[in-house]
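Notes for the one structure printed next.
The values are calculated or read from the model by the stated rules, or taken from the named source; none is laboratory data. Values in this document were obtained by computation on a predicted structure and should not be read as measured data. Note that each Cβ is placed from the backbone with ideal geometry, even for glycine, and that neighbours are counted across all protein chains shown. Just so you know, the surface numbers come from the protein's heavy atoms only, side chains and all, with ligands and any DNA or RNA stripped out. Shrake-Rupley method; radii C 1.70, N 1.55, O 1.52, S 1.80 Å.
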Amino acid sequence: MEDKSNFLLPNNQRFVELDSSQAFNNLTNKEKLYAHYLSQAAWNGGLIVLLQTSPESPKIFSLLHRIFLGEPLENLKESALKAGVSEDDFQAFLVYAGGLFANSGNYKGFGDTKFIPNLAKDAFELIVKSSKAYENDNTHITKLWQKVQNPMYSLAPRLTSLGLANKGVTTYFSSNCTEEDSNLVNDWMKTKRIEAYICRTFKTTADDGLPLYTIHLASVESSPKPPLTMDKELYKNAYFQVTRGDYSPLLKLASDNLGKAQEYAANDNEKNMLKHYINSFNEGDLNEHKEGSRFWIKDKGPIIETYQGFIETYRDPSGQRGEFEGFVAMVNKEMSKKFGRLVDGAEDFIKLLPWGHDLEKDTFLRPDFTSLDVLTFSGSGIPAGINIPNYDEIRQNEGFKNVSLGNVIPAAYKESVIPFLSEEDKALLDKYRVASFEVQVGLHELLGHGSGKLLRQNADGTFNFDKEKVKNPLTGKEIEMWYTEGETYDSKFTTLGSAFEECRAEAVGLYLSVLPEIVKIFGYEGKEAEDVTYVNWLSLLWNGVAKATEMYQPSTDTWLQAHARARFVLMRLLQLESEGLLTVTEPARGADLLLTLDRHRIATDGKRIIGEFLVKLQTLKATGDAAAAEQLFARYSRLEGEWARWRDIVLLHKQPRNIFVQPNTVLKDNVVELKRYPASAEGMVSSWVDRFPDAKVDDILEQLTDLQAKYFEDLEPLAAA
């Protein structure tokens, strides 16, 4: 059994304010109204993530939200203390609630491990029963508490992390689905050219005893509508059907608010984008979302940026189903100028990447690259940068956008403790961490995710590369593998896809950050530029040591987070292949580690090793060689030998990730105001009460949970054990 403390948020959990007030206050009232309704859509749609995380998350949310709606926090606290709850336990209750709201469920958005309340079950129950909500409706609150208390506290091995049957919990599939089921579903969906972004899969038994897989599409409408929905058919000794209507009432709230936002859109691209998002949400048609994304790409340099829908596939154990995400942000003009200069030079910089022009896109699709101050970000966590859309055919052939979330970066790094480094390195990391991270985010998103070609055979039998001339850089021979019609990077690389692509993008950032002309774009020259480059490498490799292994689960031998695995791979690559460029030692056995990086060899040996690795990564991605990619990654991401032991040292020094307290937009007499909250557990709770000022969403969440409950019944005895 793992140490229980790995599943707790400590009472001193850091909350930080995500401040966007300066950018928001510069908006016109029309722009504020646009931002307000987009935010309403994002927050309501974001509740879907509770249903996508675990079977119990929506009802835990409902229980907590109803309690906080019932009375001011100070009254709840007074009643709880009077009932015998300690100050510490009440604080732990608030921290747990803050964690649940921030992660949109009871599994961490970064790392996918479960967290449980840091107070005894009977103390939690005392707080529930001393609340006004309990006094006003004890039948309903009791029922909710009885339903969630076991799964909320259980650390049964299968319930400690997200994953398919036997390895974890997921609601993207019914709890009886294994990896074999997932692969079979993937095969069938490929034959139908269905991408999995907006669906979930539930396995039941048909009347004749064969398995029946229901692919359930997210949409407001639930009636059959061929060809989106499909009647039952037999394939490889199992039945498959496609239905729609998943998350219907929540998508309706999102869709209605997008409709209101349309009235305040700045131009036709924004209006069309929202029109297609609405169609996609209403109908369950992924092609409509792709169409909306095309208009989104065309909307260059908007004052207010938004993207909403089922986007990132990190948390689906098979790496294909998208979690709902909605963000609304304002452009930060100063930082955006720097990114604009990076885009201006991008065509030349891409030529410096080590895999050569045959594996690069035929034409550089000049993207929009802006730095944004986030006003609203719903989902299970807030990244520092984004490169979207994730749809292959759009990103490869039509374009994409890069955004750096400027106000997230400094907030994410507030007051971090930095173990495992010399005092000199700590001081440098402290000084240049934000600056170097801005450089890395720029290179990672624009030239990492934005580069590289997928070699493909078209439906008419032609190829998007010269089959006679293009050689495989790893073998020197002709290309023997490629993507065929209906295959995508996600469908080929499945569970490895996210980590592999993040590793490629991170490696591009390292490789190009040694070039003075790139660091100069961000305003650093001479000795300072060298320090920024050094800190960029140091920070990423330090992450590979000090943070990444937290995200590895020894009991199932799985990595729970794509970025973490990617950084660990790069760290191990340099540790194993560089003859001392990067060393990790154990100065105090069982208690401490020390990472040292020889800064004088970064531009020579470091760049060469990363460059050779990048050629491998891009070749395997371009040719769709997922099996070789698995072998390559397995070599560098195994926690063997001393690393198996060193993970315990990393956990000794573990720091909880900051929780962001986001503001709300408040509409009064058609004027929108920004309401900010203190950076504390109390501020976090207050922001969610104001966000959803009545229990309507709780009713919806409970109703949707009851509808899907039959697909997760076999988890209940596990939680009760």
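Keeping to the stretch 204-222, report how many residues are in contact (Cβ under 8 Å) with a residue 60 or more places away in the chain and either among the hydrophobic types (A, V, I, L, M, F, W, C) or touching a Cys at 6+ places or on another chain (Cβ under 9 Å) (or both).
Residues meeting the conditions: 3.
If we keep just the residues of the stretch 19-55 that are among the hydrophobic types (A, V, I, L, M, F, W, C) and more than 30 Å from Q320 (Cβ to Cβ), which is surrounded by the most Cβ atoms within 10 Å (Cβ to Cβ)?
Looking at residues that are among the hydrophobic types (A, V, I, L, M, F, W, C) and more than 30 Å from Q320 (Cβ to Cβ), I get A35.
For the stretch 593-614, enumerate the residues that are farther than 14 Å from L510 by Cα, open to solvent by 50 Å² or more (accessible area, probe 1.4 Å) and in contact (Cβ under 8 Å) with a residue 12 or more places away in the chain.
L594, T596, D598
Here are the criteria: (1) under 22 Å from N390 (Cβ atoms); (2) of a type in the set (D, E); (3) part of a loop (DSSP other than H, G, I, E, B). Tell me which single one E445 does not satisfy.
The one condition E445 does not meet is (3).
Of the numbered conditions (1) within 21 Å of the chain's Cα centre (by Cα); (2) within 30 Å of E673 (Cα to Cα); (3) not polar (S, T, N, Q), E334 satisfies every one except a single condition; which is it?
(1)
Do we find that E530 is part of a helix (DSSP H, G or I) and open to solvent by 10 Å² or more (accessible area, probe 1.4 Å) in this structure?
In short, yes.
Only one of (1) at pLDDT 95 or above; (2) over 28 Å from the mean Cα position of the chain (by Cα); (3) of a type outside the set (D, E) is not met by W542, so which one is it?
Status for W542: all satisfied but (2).
Among the residues of the stretch 385-405, which ones are among the small types (G, A, S) and either modelled with pLDDT of 90 or more or open to solvent by less than 10 Å² (accessible area, probe 1.4 Å) (or both)?
Scanning the stretch 385-405 gives G399, S404.
Please determine, by comparing only the residues of the stretch 71-115 that are of a type outside the set (F, W, Y) and assigned to a strand (DSSP E or B), which one is surrounded by the most Cβ atoms within 10 Å (Cβ to Cβ).
Among residues in the stretch 71-115 that are of a type outside the set (F, W, Y) and assigned to a strand (DSSP E or B), the one surrounded by the most Cβ atoms within 10 Å (Cβ to Cβ) is K114.
Does S62 qualify as being small (G, A, S), more than 30 Å from N267 (Cα to Cα) and crowded, with 24+ Cβ neighbours inside 10 Å?
yes
For A254, indicate whether it is at pLDDT 95 or above, in contact with a Pro (Cβ under 9 Å, 6 or more places away or on another chain) and of a type in the set (A, V, I, L, M, F, W, C).
Considered against the rule, which asks whether it is at pLDDT 95 or above, in contact with a Pro (Cβ under 9 Å, 6 or more places away or on another chain) and of a type in the set (A, V, I, L, M, F, W, C), A254 comes out as no.
Quick one: count up the residues across the stretch 672-717 that are open to solvent by 60 Å² or more (accessible area, probe 1.4 Å) and either under 26 Å from M152 (Cβ atoms) or in contact with a Gly (Cβ under 8 Å, 6 or more places away or on another chain) (or both).
14
Residue by residue, here is whether (1) farther than 30 Å from A35 by Cα; (2) open to solvent by less than 50 Å² (accessible area, probe 1.4 Å); (3) aliphatic (A, V, I, L, M) holds:
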| position | (1), (2), (3) |
| --- | --- |
| P226 | yes, no, no |
| L234 | yes, no, yes |
| N237 | yes, no, no |
| F240 | yes, yes, no |
| L251 | no, yes, yes |
| D256 | no, no, no |
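With V95, V49, V85 as the choices, which residue is under 18 Å from the mean Cα position of the chain (by Cα), under 24 Å from I141 (Cβ atoms) and not polar (S, T, N, Q)?
V49
Scan the stretch 357-383 residue by residue and report those that are farther than 21 Å from E347 by Cβ and open to solvent by 20 Å² or more (accessible area, probe 1.4 Å).
Across the stretch 357-383, the qualifying residues are D373, G381, I382, P383.
Answer yes or no: is there a residue in the stretch 655-671 that is surrounded by 14 or more Cβ atoms within 10 Å (Cβ to Cβ), out of contact with any Lys or Arg (no Cβ under 8 Å at 6 or more places or on another chain) and farther than 30 Å from F692 by Cα.
Within the stretch 655-671, one or more residues are surrounded by 14 or more Cβ atoms within 10 Å (Cβ to Cβ), out of contact with any Lys or Arg (no Cβ under 8 Å at 6 or more places or on another chain) and farther than 30 Å from F692 by Cα.
If S416 satisfies all but one of (1) within 20 Å of A102 (Cβ to Cβ); (2) in a strand (DSSP E or B); (3) among the polar types (S, T, N, Q); (4) modelled with pLDDT under 95, what's the number of the condition it fails?
Failed condition: (2).
Among the residues of the stretch 161-172, count how many are touching a helix residue (DSSP H, G or I) at 6+ places or on another chain (Cβ under 8 Å) and open to solvent by less than 10 Å² (accessible area, probe 1.4 Å).
4
Could you say which residue among S404, S380, S371 is small (G, A, S), in contact (Cβ under 8 Å) with a residue 24 or more places away in the chain, part of a loop (DSSP other than H, G, I, E, B) and under 23 Å from N543 (Cβ atoms)?
Only one candidate qualifies: S380.
Only residues in the stretch 190-203 that are open to solvent by less than 40 Å² (accessible area, probe 1.4 Å) count as the first member; pair them with residues that are in a loop (DSSP other than H, G, I, E, B), Cβ under 6 angstrom, at least 6 apart or cross-chain, and list the lot.
Close Cβ pairs (under 6 Å, with a partner that is in a loop (DSSP other than H, G, I, E, B)) amount to A196/Q320; A196/R321; Y197/G322; R200/Y172; F202/S174.
Taking Y307 as the residue in question, decide whether it is among the aromatic types (F, W, Y), in contact with a helix residue (DSSP H, G or I) (Cβ under 8 Å, 6 or more places away or on another chain) and open to solvent by 20 Å² or more (accessible area, probe 1.4 Å).
No; evaluated as a whole, the condition is false for this residue.
Could you count how many residues in the stretch 283-294 are of a type in the set (S, T, N, Q) and outside any helix (DSSP H, G or I)?
0
Kindly indicate which of G448, G509 is out of contact with any strand residue (DSSP E or B) (no Cβ under 9 Å at 6 or more places or on another chain), among the small types (G, A, S), under 16 Å from W355 (Cα atoms) and surrounded by 21 or more Cβ atoms within 10 Å (Cβ to Cβ).
G509
Which condition number in (1) buried (at least 20 other Cβ atoms within 10 Å of the Cβ); (2) of a type outside the set (D, E, K, R); (3) within 24 Å of T53 (Cα to Cα); (4) out of contact with any helix residue (DSSP H, G or I) (no Cβ under 9 Å at 6 or more places or on another chain) is the one that T214 fails?
Result: T214 fails condition (1) only.
Give S175, S222, S280 a once-over and let me know the one that is touching a helix residue (DSSP H, G or I) at 6+ places or on another chain (Cβ under 7 Å), small (G, A, S), open to solvent by 10 Å² or more (accessible area, probe 1.4 Å) and outside any strand (DSSP E or B).
S222
Considering each residue of the stretch 479-489, count those that are at pLDDT 95 or above and either on the phi > 0 side of the Ramachandran plot or charged (D, E, K, R) (or both), and give that number.
Adding up the residues that qualify gives 1.
Mind counting the residues in the stretch 615-658 that are touching a residue at least 12 places away in the same chain (Cβ under 8 Å), under 20 Å from N472 (Cβ atoms) and not hydroxyl-bearing (S, T, Y)?
Qualifying residue count for the region: 14.
If only one of K225, K203 is under 23 Å from S491 (Cβ atoms), at pLDDT 95 or above and charged (D, E, K, R), which one is it?
K203
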